[in-house]
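What follows is a short report on a single structure.
The values are calculated or read from the model by the stated rules, or taken from the named source; none is laboratory data. Bear in mind the structure is a predicted one, so any value in this text is a computation, not a measurement. Note that we place each Cβ from the backbone using ideal geometry, even for glycine, and neighbour counts take in every protein chain shown. The accessibility values were calculated without ligands, DNA or RNA, using every heavy atom of the protein model including side chains. Shrake-Rupley method; radii C 1.70, N 1.55, O 1.52, S 1.80 Å.
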Amino acid sequence: MTQNLISLELTEDLPQLDAALDTIERVLDAFVSLDAEQMRRLSKIGDKTESFCRQSAAILDQNRQALPPGFDLDELRRDFAAFDALRPRLNRLEALAAKCADTRVALGSDIQTACYDGYDLLKRSEEHTSELQSRL
């Protein structure tokens, strides 16, 4: 083989990986799934809007007396806490997912390269065998 980007045998690690994924799925069961239309309609927080929202939340907290009874500032604070707690975990999950995707691409490339190399070797061997047979 002319290429071997990765040599990986997952047999022993798969049960642990599956158990970890089961745990992650169980923990994330309370999380929301949005369809494409819902995602399109929602406003999305970015760096600038996050800064605005944090400043606004601080000002709202300082002026609770001016808020109507229906405005749930405590829920806003819980949302911020969950938002902040989720960020580093999402970063880790995204990095792991990217690593899995890269590994799959590397394995696929190794497979394809080996198959092409093997095919070429067989083709040359067949040509060589035919050439030898014609000389005899």
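Only residues that are open to solvent by less than 60 Å² (accessible area, probe 1.4 Å) and either of a type in the set (S, T, N, Q) or in contact (Cβ under 8 Å) with a residue 60 or more places away in the chain (or both): list them for segment 108-124, please.
Correct list: 109, 110, 113, 114, 117.
Could you pull out the residue among 97, 85, 101 that is assigned to a helix (DSSP H, G or I), of a type in the set (A, V, I, L, M), closer than 30 Å to residue 120 by Cα and open to solvent by less than 80 Å² (accessible area, probe 1.4 Å)?
Of 97, 85, 101, the one residue that is assigned to a helix (DSSP H, G or I), of a type in the set (A, V, I, L, M), closer than 30 Å to residue 120 by Cα and open to solvent by less than 80 Å² (accessible area, probe 1.4 Å) is 101.
Would you pick out the residues in segment 67-78 that are assigned to a helix (DSSP H, G or I) and open to solvent by 80 Å² or more (accessible area, probe 1.4 Å)?
77, 78
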